[in-house]
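Q: Supplied in structure tokens, the structure appears directly below.
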Amino acid sequence: MENNKLRWIYLGILSLVWGSSFILMKKALIGLTPIQVGSLRIIITTIFLLLIGYKSIFKIKKRHWYYLTLNAFLGTFFPVFLFSFAIEKIDSSIASILNSLTPLNTLIFGAIVFKFGFSRKQIIGVIIGLIGTIMLIIKGAELNPNQNYFYAILILIASVGYAFNVNILKKYLHDLNVLSLTVGNFILIVFPALIVLWYTRFFETFKVTPEHTTSILYIVVLSIFGTALAKIMFNRLVQIASPLFSSSVTYIIPIIAVTWGVLDGEKITLLQVASGGIILLGVYLANKTK
């Protein structure tokens, strides 16, 4: 299948999978702490990837490891923990909408750090997206006074990490096959994740209760589908499409995530939906012109 059609198929599948990841994180946090959720997600994903593609490690060349390390920590390790802490404090649907800033950050840091070009219309898109973000956070804090919207900043930081991830992949790791890229990414962060998990005393305090068992089940599903297989697919998408097109998967993610959130009893107002629409308008304008 030609790349032009294939990239749209990847975009649709990733939107569905990652749109469902927010509610899976929320459910996993019922029986586990944010640090445990983040660590276990990385560890389980690494085990699965090694089972299906350990031989691909040997295809990674020496010159790749530096950028793989940057990519692993900025695009996976830190965002995994940032999202876990944020979703513990704010609605998963709001977190998904804030994640829509990833394409805007891809544009900003692609231009500043990686010297990719941008247009006047794209700058306008960035400004519109930021206005929508501010509206969303302010309204969310009013609607849910029991939630700490300071944690929304963690989502914004994670979106910057994702922006670096996409640009690094496109500029420095485009010649590495997707399985090698994904497996290499996770073997670099699995030991830090194990250390972090050990410091939470998880291995000493974990008990086999229905609550803990259910949380682990959610983490396994999230790790295999929402992280391992999705990462392989996303890395391939970056190789056959532009950085902005790849990051525009966040166009559709909020639709899926908000639907799950509402079904789970989360509150969302028309003004919040409008704020999300403003963010997506900004993303659209930033992505429209190359």
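Q: Ser100 is checked against (1) touching a residue at least 12 places away in the same chain (Cβ under 8 Å); (2) within 21 Å of Tyr172 (Cβ to Cβ); (3) hydroxyl-bearing (Ser, Thr, Tyr) and fails just one. What number does that condition carry?
A: If we test Ser100 against (1) touching a residue at least 12 places away in the same chain (Cβ under 8 Å); (2) within 21 Å of Tyr172 (Cβ to Cβ); (3) hydroxyl-bearing (Ser, Thr, Tyr), just (2) comes out false.
Q: Any chance the range 214-222 includes a residue that's closer than 25 Å to Phe164 by Cβ, part of a helix (DSSP H, G or I), at pLDDT below 75 and not aromatic (Phe, Trp, Tyr)?
A: no
Q: Also: Just for the range 170-201: of the residues that are outside any helix (DSSP H, G or I) and without any contact (Cβ under 8 Å) to a residue 12 or more places away in the chain, which one is nearest to Thr76 (Cα to Cα)? Working first, answer last.
A: Start the filter on the range 170-201 by keeping residues that are outside any helix (DSSP H, G or I), which leaves 173-177, 188-189, 200-201.
Next, from what is left, pick out any that are without any contact (Cβ under 8 Å) to a residue 12 or more places away in the chain: 175, 201.
On the way: Asp175: 20, Arg201: 23 Å.
Of everything passing the filter in the range 170-201, Asp175 is nearest to Thr76 (Cα to Cα).
Q: Still on this structure, please answer the following. Looking only at the range 202-212, count every residue that is free of Cβ contacts under 8 Å to residues at least 40 places away in the same chain and either assigned to a helix (DSSP H, G or I) or small (Gly, Ala, Ser) (or both) and tell me the total.
A: Count: 4.
Q: Given the criteria under 30 Å from Val113 (Cα atoms) and surrounded by fewer than 20 Cβ atoms within 10 Å (Cβ to Cβ), does Lys171 qualify? So that I can check it myself, show each step before the final result.
A: Numbers: under 30 Å from Val113 (Cα atoms): yes; surrounded by fewer than 20 Cβ atoms within 10 Å (Cβ to Cβ): yes.
Judged against the criteria, Lys171 is a match.
Q: Among the residues of the range 100-108, is any among the small types (Gly, Ala, Ser) and either at pLDDT below 80 or surrounded by fewer than 18 Cβ atoms within 10 Å (Cβ to Cβ) (or both)? It would help to see each step written out before you state the result.
A: Step one: of the range 100-108, the residues among the small types (Gly, Ala, Ser) are 100.
Filter again for either at pLDDT below 80 or surrounded by fewer than 18 Cβ atoms within 10 Å (Cβ to Cβ) (or both), leaving 100.
There is at least one residue in the range 100-108 that is among the small types (Gly, Ala, Ser) and either at pLDDT below 80 or surrounded by fewer than 18 Cβ atoms within 10 Å (Cβ to Cβ) (or both).
The values are calculated or read from the model by the stated rules, or taken from the named source; none is laboratory data. No experiment lies behind these values; they were computed from the predicted model shown. Cβ atoms come from the backbone with ideal geometry, glycine included; neighbour counts cover every protein chain shown.
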